[in-house]
Protein chains: 2
Amino acid sequence: MTEHFPGEPKSAHMLTRVPGPATEALRARHNRFQDARSVHYYQDARKSLGNYAVDVDGNTLLDVYGHIACVPIGYNHPALLEAFRSERFAWLAAWRPALGVAPPPEWVDLVEGPLMGCAPQGHDRVMTVTTGAEAVENALKAAFAWKARRLRGGASWTAEDLQLVMQNRQPGVNALKVISFEGGLHGRTLGALSATRSKAIHKLDFPAFDWPVVPFPANRFPLDAHAAENLEAEARSLEAVERALREGGGTVAALIVEPIQGEGGDRHASPAFFRALRRLLTDYEAAFIVDEVQTGLGATGTFWAHEQWGLDTPPDVVTWSKKFQLGGLHLRSEFAPQEAFRLFNTFLGDPLRAAQAEVILEVVARDGLIAHTRATGELLVAALSGLCDRMPQLFSGARGAGTFAAVDVRDAPTRDRILDAARQLGLEAGGSGDRSIRFRPALIFGARHVNEALDRIEAAARSLS
Amino acid sequence: MTEHFPGEPKSAHMLTRVPGPATEALRARHNRFQDARSVHYYQDARKSLGNYAVDVDGNTLLDVYGHIACVPIGYNHPALLEAFRSERFAWLAAWRPALGVAPPPEWVDLVEGPLMGCAPQGHDRVMTVTTGAEAVENALKAAFAWKARRLRGGASWTAEDLQLVMQNRQPGVNALKVISFEGGLHGRTLGALSATRSKAIHKLDFPAFDWPVVPFPANRFPLDAHAAENLEAEARSLEAVERALREGGGTVAALIVEPIQGEGGDRHASPAFFRALRRLLTDYEAAFIVDEVQTGLGATGTFWAHEQWGLDTPPDVVTWSKKFQLGGLHLRSEFAPQEAFRLFNTFLGDPLRAAQAEVILEVVARDGLIAHTRATGELLVAALSGLCDRMPQLFSGARGAGTFAAVDVRDAPTRDRILDAARQLGLEAGGSGDRSIRFRPALIFGARHVNEALDRIEAAARSLS
């Protein structure tokens, strides 16, 4: 397998414990003004390279966490550095424009080129924003506008609508609902948060819309050992979705789902499950929103994870962010509101980050990084399965699509101890759900990194006993 | 008065009508994938300079609209270009980090330096996000967390809270409310949008929380000619606020207000009004959120507009974005949630845009641009008053703080015709509310630009008859 990042460190190399003294000194300064309790370490942005993060204590860590899945082609990729140092980005250097008012002409090139070039099949509109939460908020708004118009039989608003909406009481509208899944994470603004069902700490004390929640099937792995059980779980989930649609009595505007639940514990479902969801939503006239904020841009071995479902009809809206460096959504044209200024805000994204996305997409295509990630992912899941076989008392449930992979640990405290011990051995990894270890490496993650990561996890696990 | 942008064009210079043929050709391409109906023109990012925007048809326009108030120190300021071309930004060039997980050490410098250096008096915490809407969403969340804890007498959550919150039904929480003002604009995500009361088109078909709305006093100008009337309007508004607080029965978590309503028609209120609001909110134990997304960073002649109110106790939360190039909020420490991960998201802003903000703040301080804007604003409002005196059948209500200024036109169609005619003469200006013309120039706007802008508006008005 070729190296996709020549010159990167040969392996992790540790000088201190992590967090080390330089990190703790910075955290003490940082905590005075911001909550820095969540910081793993302060990262030397110049020295980090490829799959390896270098922290301010001089530790070099193999990074499979990737800033919560936001690093597409590794740290300090030469193509991105060159773009910054050349005049390539000169047209967007010196201010952040309102892209809905006076965009530079290069913006149209970006929209026509990379942003539509990666559009999901059947999607012919794109909206850019800056974060995943904003992408989800606008996807929900697109679905509400579409559904409300259908409920009016295509008619425009009444005088009563126009008046009462200013009191937040437009007739019928507050009854509109979005179905989401237990364990789903779709963002933390109040609309997106109403669809988020990850952890209580994300939601406590914040008002939420009264929308229905349904169980996610949560396939058990290996699939062939749990086929009947998984089929039943999916059937129960689909029944709950249909019940919510039926009980909604026409008020359900959308269902939103991650192709693989990320924060929720790397929970998977089968292509057949998603095809059945698509059919149900068509039948009940609700929008099918696929939230690819964490899965998009190749991590699962296809550009979009939902390509693996074999859908007859595409999703209605697809949201994305993270590896793209900005947020956005693609839509089928019937889901784009008819009137101007319906999905609008001041910045509408950030052309600088979109220009970075263009460079990233070029590198991904040039280097064949999605096929590479598919191949690396097979090695990774096989290696995780081997780990489960060797240490069945600790590890189980190896699973993944591409390098979007995970393995379960016996219990949460043990998982946390293994993660910490692995970090001391030079592996930056994160948890997922209650007791999983998640892999969210960059698309340049290769066979040798799989071996190194698994060695560290196994050594960490053995160090516990 | 000194020139703050040497080398900028001597005046506007028009080659075609705006929108011109090159803009329309780009719009046709752009509209295939995005809604480009709102675009005024496509702007040549390299040729635009200082206060002057150059469009793709080669027209040079004096810009007092400033990308909806987002341009702080003009186009292609040498300090920003130099920062981009030097190694100053090298530490953040090649990926967008998760600032809550592994920030670079330079981030701590940015927080300690420019981000806290500009903190409102009495504020000791700062959170960064990417847009004004996200700033408002997080300000509301901070207020809800603060209020809910007070309502529990400082206690933590019950087992019932932890369970029901996952169904969006945490007891008591969905009754929490935010008071906002008629005409206010606070963003378009579903939480912020529930507090937004600008125009129906912003809100139609989108579910909203059932929160109370109260009238904004909307001072009439000149102030001395309408003193009694304005006092009465403010008293009525304060009565409505107190009624909403009283009727809320302890469920009101916050009130959010712009210092000057921007989108809502450049509506002002007196310092005494805001001091009375502050007292009411303290009495009823609700957070006072001042939304300075459009007014912050000097446009009103002080760094924060609320500095002009003479408050005894500072606002509890202040939100900002636009001229900063990213979004954020400052908080008094008691409004920062106690637990980690309460106000959190993946990116938590964008260090590249924060680094630009640092350069901008340095230029603003070095060149004394806030005092300059205060002086220029006096000239601008005086010139607008002169216009009202000369053409009282068309213009009235000249008003402003710093260069955040406006004038009313007889009616909406006439306003729109004047704006279009002025644009053909080389002035890029925008509307505000139903029938006002708004000024949101950069802080380098000076006396000669005031003269040029007023000449164009007057000529445009005379051309109508």
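Amide H contacts of residue A:287 (H built 1.01 Å from N, in plane; Pro and chain starts excluded): A:254, A:255 sit under 5 Å, all sequence-distant by 5 or more or on other chains. Which of the aspartates and glutamates could a cross-linker bridge to residue A:10, judged by Cα under 12 Å and excluding same-chain residues fewer than eight apart? Answer for residue A:10, where 12 Å is the Cα cut-off: A:452, listed by chain and number.
Each copy carries a label point for residue B:283 at 7 Å from Cα along the beta-carbon vector; from one copy to the others these points are 5.9 nm apart, nearest first.
Within 10 Å of each Cβ in peptide B:168-175, how many partner chain Cβ atoms are there on average? Round it to a whole number, please. Kindly include the intermediate steps, with their values, before the conclusion.
On the way: counts 15, 2, 7, 0, 1, 6, 5, 1.
Mean inter-chain Cβ contacts per residue within 10 Å come to 5.
Determine the percent antiparallel among the DSSP beta bridges restricted to the protein assembly as shown, to the nearest 5. Intermediate values should be presented prior to the final figure.
Details: 58 of 86 bridges.
Roughly 65 percent of the beta bridges in the protein assembly as shown run antiparallel, per DSSP.
By the Kirkwood approach, averaging reciprocal distances over each pair of separate Cα atoms, the stretch B:97-349 gets a hydrodynamic radius of 18.8 Å. Under 5 Å from the amide H of residue A:267 lie the amide H atoms of A:261, each residue being 5 or more positions distant or on a separate chain, with H modelled from the backbone and absent for Pro and chain starts.
Net charge within 14 Å of residue B:377 by Cβ-Cβ distance, Lys/Arg positive one each and Asp/Glu negative one each, not counting residue B:377 itself? Don't jump to the answer; show the numbers that get you there.
Working: positive: B:374, B:399, B:438, B:440; negative: B:266, B:378.
Net local charge, residue B:377 excluded: +2.
On a 30 Å Cα-Cα criterion, which of the cross-link pairs A:322/B:322; A:322/B:141; A:199/A:323; B:47/B:199 come out too long?
On the way: A:322/B:322 22 Å; A:322/B:141 23 Å; A:199/A:323 23 Å; B:47/B:199 35 Å.
Those over the limit are B:47/B:199.
Computed 3J(HN,Hα) for the stretch A:271-287, one whole-Hz value per residue from the Karplus formula 6.51 cos²θ - 1.76 cosθ + 1.60 where θ = phi - 60°, is x, 4, 4, 5, 5, 5, 4, 4, 5, 4, 5, 4, 4, 9, 6, 10, 6, glycine and proline marked x. Centre-to-centre, using Cα atoms only, the stretch B:222-266 and the stretch B:341-391 are separated by 25 Å.
Position residue B:341: other-copy label points at 4.1 nm, ordered by increasing distance, label point 7 Å along Cα→C-beta.
Assuming R0 = 22 Å, can you tell me the calculated FRET efficiency for the pair residue A:365 and residue A:88, based on Cβ-Cβ distance, to the nearest 0.05?
Details: r = 17 Å, r/R0 = 0.78.
After rounding to 0.05, the efficiency reads 0.80.
A straight line joining the Cα centroids of the stretch B:1-34 and the stretch B:430-462 runs 17 Å. Across the stretch A:66-83, coupling constants 3J(HN,Hα) worked out from phi with the 6.51/-1.76/1.60 Karplus curve, θ = phi - 60°, read x, 6, 6, 6, 9, 9, x, 10, x, 7, 6, 4, x, 5, 6, 4, 5, 4 Hz, and Gly and Pro carry x. Under 5 Å from the amide H of residue A:431 lie the amide H atoms of A:438, each residue being 5 or more positions distant or on a separate chain, with H modelled from the backbone and absent for Pro and chain starts. Other protein chain C-beta atoms within 10 Å of residue C-beta, averaged over B:80-90: 3. With label points defined 7 Å past Cα in the direction of Cβ, position residue A:112 shows copy-to-copy spacings of 4.9 nm, given to one decimal and shortest first. Rounded to the nearest whole Hz, the Karplus-based 3J(HN,Hα) values (6.51 cos²θ - 1.76 cosθ + 1.60, θ = phi - 60°) of the stretch A:304-309 follow the sequence 10, 4, 6, 4, 7, 8, with x at glycine and proline. Other residues lying with their Cβ under 9 Å from the Cβ of residue B:79 contribute a combined charge of -1, Lys and Arg counting +1, Asp and Glu -1. Partner shielding of B:137-150 amounts to 3, given as the average count of beta-carbon atoms from other chains within 10 Å of each residue beta-carbon. Taking a sphere under 14 Å around the Cβ of residue B:275 and counting the other residues whose Cβ falls inside, with K and R at +1 and D and E at -1, yields a net charge of -2. Toward the positive end of the charge dipole of the stretch A:96-353, with +1 on the Cβ of Lys and Arg and -1 on the Cβ of Asp and Glu, the farthest Cα among A:192, A:206, A:240 is that of A:206. Express in whole angstrom the spacing between the alpha-carbon centres of the stretch A:149-211 and the stretch B:76-149. Cα centres, the stretch A:149-211 to the stretch B:76-149: 29 Å. Taking label points 7 Å from Cα along the Cα-to-Cβ direction, residue B:16 and residue B:414 give a separation of 3.3 nm.
Taking +1 at the Cβ of each Lys and Arg and -1 at the Cβ of each Asp and Glu, which of B:311, B:7, A:276 sits farthest along the dipole of the protein assembly as shown towards its positive end, judged by Cα position relative to the Cα centre? Sorting the options by dipole projection puts first A:276. Convex hull volume of the C-alpha atoms in the stretch A:382-465, normalised per residue: 82 Å³.
Computed from the coordinates by the stated procedures, all read-outs in this text should not be read as laboratory data. The structure displayed is predicted, hence computed values, not measured ones. Here the Cβ is made from the backbone with ideal geometry for all residues, glycine too, and neighbour counts use every protein chain on show.
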